[in-house]
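A.B. asks: The structure follows.
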Amino acid sequence: MFRLSPLTNEVAFWLGPIPITGAVVTTWGVMAAITAFCAISLRRPKVEPDGVQSLLEILIEAIAAQIEAVLRRDPWPFMPLIGTLFIFLVVANLSAIVPGLHPPTGHIETPAALAVIVFFSVHVMGISARGLGRYLRHYFEPNPLLLPLNVLSEITRIFSLMVRLFGNMMSHEIVIAIVMFLAGVLVPIPFMLLGLLIGILQAYIFTVLATVFVGAAVDATNAA
Amino acid sequence: MTIQMISVIGAAIAVSFGALAPAWGEGRALAAAMDAIARQPESAGTISRTLFVGLAMIETMAIYCLVIALLLLYANPFVGA
């Protein structure tokens, strides 16, 4: 019924000994598209923005406002990580609307890579904000007995961050495939519209959870 | 019954119970959030953001069940490759 199992990956081509999958090619395409769009539309940035530039500024300001609402501190040091995550995830999740493309987040490798980035960024930001000693001490709070649970939660929350994004995007692809199999014409369109909502919502949730993790690392009193 | 047949039944059970309980939990969370917004419309922004994060947490349980069902169907460790 399905062309391939959702847990395996089709290899697009080989780069020497390294297999390059279709998801990786889509990721590169998404990155190139975002970079090219920003480079072209911001070629001559103006103080009084017009059109595309003001649209981008509204987007960035909205992301910054969201970060500030969660962290309750200056959002701009966290903007490179959080903003990039959100913009990349939205474009990657919505790449399914281009015929022939599958969202790279529907394969487990892309969410895993993003989750690893979040995992290391959280610790780096926490250490740089609070110092190594104070950062490590927060694992012993509120009681040193809870150290194993604190360490375990660092791993499980990142794992569930990965599985959530992967599971949602992949299950939606399977739903589309089943509906296409049952009735091919026009019937899948409402499901595809739902897919737009799911894609944006999952990008938002991934970003907000990454922000919450960063917030818990940089400021213990604000741990969520 | 072969292992494949048992795996299909197991996948169906995993998905059905994995849908049942999170749906109930999400319904309760949503009802509570609606109640809170109706009482305090000015804090709707904070409530919806927390609600989304919470719903994502709850939904993760359903996604775990789905992943286990898919493992049973496509990558069953008990069936030789």
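The values are calculated or read from the model by the stated rules, or taken from the named source; none is laboratory data. Nothing here was measured: the structure is a model prediction, and the numbers come from that model. We place every Cβ from the backbone using ideal geometry, glycine too, and count neighbours over all the protein chains shown.
A.B. asks: Just a yes or no: is a residue in segment B:53-68 away from chain A (no Cβ under 12 Å) and surrounded by fewer than 16 Cβ atoms within 10 Å (Cβ to Cβ)?
C.D. replies: No: segment B:53-68 contains no residue that is away from chain A (no Cβ under 12 Å) and surrounded by fewer than 16 Cβ atoms within 10 Å (Cβ to Cβ).
A.B. asks: For residue A:121, work out the one condition from (1) crowded, with 20+ Cβ neighbours inside 10 Å; (2) of a type in the set (Gly, Ala, Ser); (3) closer than 25 Å to residue A:38 by Cβ it doesn't fulfil.
C.D. replies: (1)
A.B. asks: State which residue is nearest to the other protein chains (Cβ to nearest Cβ) when the search covers only segment A:15-39 and only residues that are part of a helix (DSSP H, G or I) and out of contact with any helix residue (DSSP H, G or I) (no Cβ under 9 Å at 6 or more places or on another chain).
C.D. replies: A:28
A.B. asks: Do we find that residue B:41 is more than 11 Å from every other protein chain (Cβ to nearest Cβ), crowded, with 16+ Cβ neighbours inside 10 Å and out of contact with any Ser or Thr (no Cβ under 7 Å at 6 or more places or on another chain) in this structure?
C.D. replies: So residue B:41 fails the test.
A.B. asks: So, one more: Write out, first by first residue and then by second, each pair whose Cβ atoms fall under 9 Å of each other, whose residues are 6+ apart or on separate chains, and whose first residue, in segment A:67-82, is within 14 Å of residue A:212 (Cβ to Cβ) while the second is charged (D, E, K, R) and part of a helix (DSSP H, G or I).
C.D. replies: A:69/B:49; A:70/B:49; A:75/A:68
A.B. asks: Then there's this: Of these, A:61, A:68, which one is within 14 Å of chain B (Cβ to nearest Cβ) and either in a helix (DSSP H, G or I) or more than 30 Å from residue A:43 (Cβ to Cβ) (or both)?
C.D. replies: Every option except A:68 fails the conditions.
A.B. asks: Which residue pairs have Cβ atoms closer than 9 Å, lie 6 or more positions apart in sequence or on different chains, and pair a first residue in segment A:158-183 that is closer than 12 Å to residue B:56 by Cα and more than 11 Å from every other protein chain (Cβ to nearest Cβ) with a second residue that is among the small types (Gly, Ala, Ser) and buried (at least 22 other Cβ atoms within 10 Å of the Cβ)?
C.D. replies: Listed by first residue and then by second, the contacts come to nothing, as the list is empty.
A.B. asks: Right, another one. Out of everything in segment A:171-209 that is of a type in the set (Val, Ile, Thr) and under 20 Å from residue A:101 (Cβ atoms), what residue ends up being surrounded by the fewest Cβ atoms within 10 Å (Cβ to Cβ)?
C.D. replies: Per the criteria, the residue is A:189.
A.B. asks: Can I ask one more? Tell me, please, whether a residue that is in contact (Cβ under 8 Å) with a residue 24 or more places away in the chain, surrounded by fewer than 16 Cβ atoms within 10 Å (Cβ to Cβ) and under 17 Å from residue A:201 (Cα atoms) can be found in segment B:10-32.
C.D. replies: Checked against the condition, which is being in contact (Cβ under 8 Å) with a residue 24 or more places away in the chain, surrounded by fewer than 16 Cβ atoms within 10 Å (Cβ to Cβ) and under 17 Å from residue A:201 (Cα atoms), segment B:10-32 yields at least one hit.
A.B. asks: Moving on to the next point. Counting just the residues of segment A:205-224 that are assigned to a helix (DSSP H, G or I) and farther than 28 Å from residue A:93 by Cα, which one comes out modelled with the lowest pLDDT?
C.D. replies: A:222
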